[in-house]
Every structure is written in C-alpha cells, then in structure tokens.
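Read through the structure below, which is laid out as structure tokens, and then see the notes.
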Amino acid sequence: MKYHYMRISPTTVRIELIPEDNTEKMLLQDLMQGQTDDQILNQLFENGLGIYQSNTKLTAKKFMDFPRVALCSFEIVNTLSATTLG
C-alpha cells in the first residue's frame, strides 16, 4: 500500500490509501462494503502515520472518502532510551 499525505496542522494529517495491486484493491472494496474488520483499517492508517512521522499514536480519524481518505489526528509519543536513563 502506498500513502499520500497532506499536512493539515501540527497534529493532523490527511492520509490517502493508494492500493498497489489487486489484493489491496480488493481489500479496500471489502472495507467499503463492511466485510473486513475495522482493526485492519486502523492498522493501515497507523502504518501510514508511522511512515509519515515516527513515534506517533493515532488518536482519531475522520473519513473524507471512506475507506481511502481520512483526516488523522495524532500525538507524539516520547520514548526513552537506555542511554537517557543512565
């Protein structure tokens, strides 16, 4: 799956899912018809968000064109490494 991004604000990005093969096209069709688990859809947008900006947590999504395009709100997750603790 490819992703297209448009920054909306410091904590919101528009993400568009772009299928690269027939399997991914069928997955989006199944999602559109409600035949696939919402967890798969969440995972697709979380993956896209992680590529856009690492160390983020998806907090909300508002669909503009279900299931392909959504405004995704996120927060930055701070991770501590062993070197900063020592």
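FYI, it's all coordinate maths here, none of it is from the lab. If you're wondering where the values come from, they're calculated on a predicted model, not measured in any experiment. With ideal geometry, Cβ positions are generated from the backbone for all residues, glycine too; neighbour counts draw on all protein chains shown.
Table for the structure above
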item: Size descriptor, Kirkwood hydrodynamic radius, that averages inverse alpha-carbon separations across the chain, Å; result: 13.8 Å
item: Förster-model FRET efficiency, 35 Å R0, I18 and N78, C-beta, rounded to 0.05; result: 0.70
item: Taking the range 2-78 and dividing mean pair separation by its residue count, relative contact order in percent (alpha carbons under 8 Å, at least six apart); result: 33 percent
item: Rounded to whole Hz, the Karplus (6.51, -1.76, 1.60) HN-Hα couplings of the range 33-39, x for glycine and proline; result: 8, x, 8, 10, 4, 4, 4
item: Charged-residue dipole, Cβ positions (Lys, Arg, Asp, Glu), the chain about Cα centre, Debye nearest 20; result: 360 debye
